[in-house]
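Down below is the structure, laid out as structure tokens.
The values are calculated or read from the model by the stated rules, or taken from the named source; none is laboratory data. Keep in mind that what you see is a predicted model, and the values were worked out from it rather than measured. Cβ coordinates were reconstructed from backbone atoms using ideal geometry, including for glycine residues, and neighbour counts include every protein chain displayed.
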Amino acid sequence: MARIDSFFRLMNVQGSSDLHMSAGDVPSLRVRGSLQRIRYKELDDSELRELLYDICPEHKIKLFEETGDIDFAYELENVGRFRANYFRQSKGIAAVFRQIPSEIMTVEQLGLPDIAKRFASLHKGLVLVTGPTGSGKSTTLAAIIDHANKTRHDHIITIEDPIEFTHQSYNCLVHHREVGPHTQSFTAALKGALREDPDIIMVGEMRDLETISLAVEAAATGHLVFGTLHTQDACKTINRVIEVFPASMQEQIRNTLSDSLRGVVAQALFKRKNGGRIAALEILTHTSAVGALIREGKTQQLMNVIQTNKRLGMQTMDDAIEDLLLRDLVSPEDAFDKASDKHRFVQYLKKIPDEYLEMFENKK
């Protein structure tokens, strides 16, 4: 047994989502969204490096020594699977481990709206799940893929770095590919996927121009493609996809996206008042109006389309946050903090934060 395994067992006992280990500091656990230091000694660089290298594949150690950053998955029997990220910092080596749930939660268990099932039933197009790191994108995407896996009879290929949720083949045939062990890059795997008769392709992270370009091309040529981006709302997501291309290609990509984009799910994660975490979702779905705004470069107007098309399953982030607040699932303070329209949520606060007092005084 690796010495570091005791920390993973402690994570389970404490109900922790993440383990942080840094040279020059005491290990910490993230519990219900907050970091808590473990009662343990401060680790120096050589001691922590020994702990971390004990569970790291040799080819990943070599890559870390060359680049200073690696990702991989680690599984501890009867405890769970963990996504590991090693990186260098000012005091030496550091690592963050995210626990990957052993069971894939369903759309119903996560409380996702019905539109998630409709996304899983599409036969072509691009669906993007977005949000900051740690917002639950992978969990949402896994639930959508799980629904497709159980209700369709198709071929699903997932491309990740590393593989997080593992799907058994139910009605679908599912192949998982990990960057490193199974393919050289997201780009190489996407190029290969187009020759592997897929119906659904899931791209764990759309990081660069070539990956985004291939994903959009696959969606435009008759495949259903799911991908993730680190953007905070639907408008910024579409702009991010377009702006990664050279200016000379942006009109072309707007035209392609206007036809192939089927949906954007942007999410933010909140602490539940009674424990655990819950996501608020902004949802954009494809309509002729959405396509026209993308094609004409008027993405700033997409929020108006979302606000006026609730009957089609669309919703703004602020609407989603207020729904959680009115259901007494999140605190007014958290809702206010993550809302875009602060004035909309000030009525729920017992006390306005000092930094907003002047703003609200000027609005009276």
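Could you pull out the residue among Thr237, Thr228 that is hydroxyl-bearing (Ser, Thr, Tyr), outside any strand (DSSP E or B) and buried (at least 21 other Cβ atoms within 10 Å of the Cβ)? Talk me through it step by step, then tell me what you get.
Numbers: Thr228 fails: outside any strand (DSSP E or B).
None of the other options fit; the residue is Thr237.
Which one is surrounded by the fewest Cβ atoms within 10 Å (Cβ to Cβ), of the residues in region 118-135 that are aliphatic (A, V, I, L, M) and either free of Cβ contacts under 8 Å to residues at least 24 places away in the same chain or within 22 Å of Thr256 (Cβ to Cβ) (or both)?
Looking at the filtered set, the residue picked out is Leu122.
So which residues in region 2-35 are under 24 Å from Ser138 (Cα atoms) and polar (S, T, N, Q)?
Asn12, Gln14, Ser16, Ser17, Ser28, Ser34, listed by residue number.
Working only within region 272-298, note down all residues that are modelled with pLDDT under 95 and among the polar types (S, T, N, Q).
Hit for region 272-298 is Asn274, nothing else.
Any chance region 303-315 includes a residue that's surrounded by 12 or more Cβ atoms within 10 Å (Cβ to Cβ), outside any helix (DSSP H, G or I), in the same structural domain as Gln267 (by TED's automatic domain parsing) and among the hydrophobic types (A, V, I, L, M, F, W, C)?
Yes, some residue in region 303-315 is surrounded by 12 or more Cβ atoms within 10 Å (Cβ to Cβ), outside any helix (DSSP H, G or I), in the same structural domain as Gln267 (by TED's automatic domain parsing) and among the hydrophobic types (A, V, I, L, M, F, W, C).
If you take the residues of region 154-173 that are over 19 Å from Lys124 (Cβ atoms) and among the β-branched types (Val, Ile, Thr), which of them is farthest from the chain's Cα centre (by Cα)?
Of everything passing the filter in region 154-173, Thr166 is farthest from the chain's Cα centre (by Cα).
Does region 34-41 include one or more residues that are among the small types (Gly, Ala, Ser), more than 25 Å from Lys273 (Cβ to Cβ) and surrounded by fewer than 19 Cβ atoms within 10 Å (Cβ to Cβ)? Walk me through it before giving the result.
Taking region 34-41 and keeping what is among the small types (Gly, Ala, Ser), we get 34.
This time we only want the ones that are more than 25 Å from Lys273 (Cβ to Cβ), so: none.
No, every residue in region 34-41 fails to be among the small types (Gly, Ala, Ser), more than 25 Å from Lys273 (Cβ to Cβ) and surrounded by fewer than 19 Cβ atoms within 10 Å (Cβ to Cβ).
Hey, could you check region 280-306 for residues that are touching a residue at least 60 places away in the same chain (Cβ under 8 Å) and out of contact with any Lys or Arg (no Cβ under 9 Å at 6 or more places or on another chain) and say which is nearest to Lys137 (Cα to Cα)?
Taking the candidates together, the pick is Leu281.
Just checking, which of Gly180, Gly192 is in contact (Cβ under 8 Å) with a residue 60 or more places away in the chain and more than 19 Å from the chain's Cα centre (by Cα)?
Result of the check over Gly180, Gly192: Gly180.
Name the residues in region 88-117 that are β-branched (Val, Ile, Thr) and either in contact with a Gly (Cβ under 7 Å, 6 or more places away or on another chain) or not in a helix (DSSP H, G or I) (or both), would you?
Of everything in region 88-117, those that are β-branched (Val, Ile, Thr) and either in contact with a Gly (Cβ under 7 Å, 6 or more places away or on another chain) or not in a helix (DSSP H, G or I) (or both) turn out to be Ile93, Val96, Ile100, Ile104, Thr106, Ile115.
What are the residues in region 22-35 that are assigned to a strand (DSSP E or B) and at pLDDT below 95, if any? Give the derivation first.
Step one: filter region 22-35 for residues assigned to a strand (DSSP E or B), giving 22, 25, 28-31, 34-35.
Arg30, Val31, Ser34, Leu35 - these are the residues of region 22-35 that are assigned to a strand (DSSP E or B) and at pLDDT below 95.
Run Ala23 past the list (1) touching a strand residue (DSSP E or B) at 6+ places or on another chain (Cβ under 9 Å); (2) farther than 23 Å from Lys62 by Cβ; (3) in contact (Cβ under 8 Å) with a residue 12 or more places away in the chain and report the number of the one that doesn't hold.
In the conditions (1) touching a strand residue (DSSP E or B) at 6+ places or on another chain (Cβ under 9 Å); (2) farther than 23 Å from Lys62 by Cβ; (3) in contact (Cβ under 8 Å) with a residue 12 or more places away in the chain, Ala23 misses (2) alone.
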